[in-house]
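Data block below; observations after.
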Amino acid sequence: MSAPERRRLLAITRAVGPSLARCELTHVERQPIDVARAAAQHGAYEARLAELGCELLRLPAEPDLPDAVFVEDTAVVLDELAVVTRPGAASRRPETASVAAALQPFRRVVTLQPPATLDGGDVLVVGRTLFVGASGRTNGAGIEQLRAAVAPHGYAVVPVPIDGCLHLKSAATLVGEALLLVQPAWIPAGAFPGLERLAVDPGEPFAANALLVGGAVVHAEEFPRTRERLLRHGLRVATVPASELAKAEGGVTCCSLIFAP
Ligand code: CIR
């Protein structure tokens, strides 16, 4: 096991709320969501994170904020600071206050200000580089305010235009030290210089969202063909059921903020 994997890890999560079916949707059609099933799948996700070595800090549900389970979008947590975002969907902005309060004991907190908008799902951290999706949720001011917050700590911010998906991490996530799982249709061919790419199975366009934690790749069990590609690449895969949250346009990265406390 490498040194970073031995660090104590905290995962902030938030329980699924009863209003989930009223979530924001951009690229997927609205279909009925079984909230009880979503909560059970979310519980299985939390159990996976615990198995993989995370301590859980579970925030209470926000009954009137349909998307509040997707805590990833509310903050970018680095070793040196936490940047609390201003989510691109106005309905999601009230989600940030409780996450900022939860992060306060662990990090200096910087908060993005209007006119910035940025969703954490657009921020892919690879070492000292933050690739940031220029998406429908993240604007230029958001990218610049993020850059101003993190540059003093030696991080580079690299905007990546995306097309056809909600967030950058719908299209590309880190599954190994210098290996990305990607959906090539949604990102430019030249993005991510120096990083190896593994493409999702073409029949599983939403399968690029994976979460590398504790030496394993947490991945939705609904994508067996992409899982096969990950396994053939020698990666350890930890599956989770994620069908109900996928109907809310969420994936496995969205439901946690993981950091060394
Ligand atoms: C939204 O549209 O904001 C939510 N329904 C889904 C957010 C998923 N978050 C993520 O991919 N980081």
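The values are calculated or read from the model by the stated rules, or taken from the named source; none is laboratory data. Not measured: the values here are computed from a predicted model. Don't worry about glycine lacking a Cβ; one is built from the backbone with ideal geometry, like all the others, and counts go over all protein chains shown. Calculation scope for accessible area: heavy atoms of the full protein, side chains included, ligands and nucleic acids excluded. Shrake-Rupley method; radii C 1.70, N 1.55, O 1.52, S 1.80 Å.
What the table shows:
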quantity: Cα-centre dipole for the chain with unit charges at Cβ (Lys and Arg positive, Asp and Glu negative), debye to 20; calculated: 420 debye
quantity: Cα centroid separation - the range 150-215 against the range 30-100, whole Å; calculated: 20 Å
quantity: Residue-span extension gain [R7 to A36] - 0.36 nm each, minus C-alpha spacing; calculated: 7.1 nm
quantity: Long-range amide H partners of L57 with built H, under 5 Å; calculated: A11, I12, T13
quantity: At 1.002 mPa s and 20 °C, Stokes diffusion of the range 1-148 via Kirkwood alpha-carbon radius, µm² per second; calculated: 131 µm²/s
quantity: H167, H233, ranked by accessible area, largest first (probe 1.4 Å); calculated: H233, H167
quantity: Added length on full extension, which subtracts the Cα-Cα distance from 0.36 nm per residue, A178 to V126; calculated: 17.9 nm
quantity: Globularity ratio of the range 148-261, using Cα Rg and 2.2 N^0.38 Å; calculated: 1.07
quantity: Efficiency of FRET from Cβ geometry, R108 and S19, R₀ 25 Å, rounded to 0.05; calculated: 0.15
quantity: Heavy atoms of D79 accessible to a 1.4 Å probe, total area in Å² rounded to 10; calculated: 80 Å²
quantity: Hull shadow area, averaged, the range 1-61 [alpha-carbon convex hull, nm²]; calculated: 5.6 nm²
quantity: Semi-axes of the equivalent ellipsoid for the range 105-161, Cα gyration tensor, largest first, Å; calculated: 17, 14, 10
quantity: Stokes-Einstein diffusion coefficient of the chain, Kirkwood radius over Cα pairs, 37 °C, 0.692 mPa s, in µm²/s; calculated: 181 µm²/s
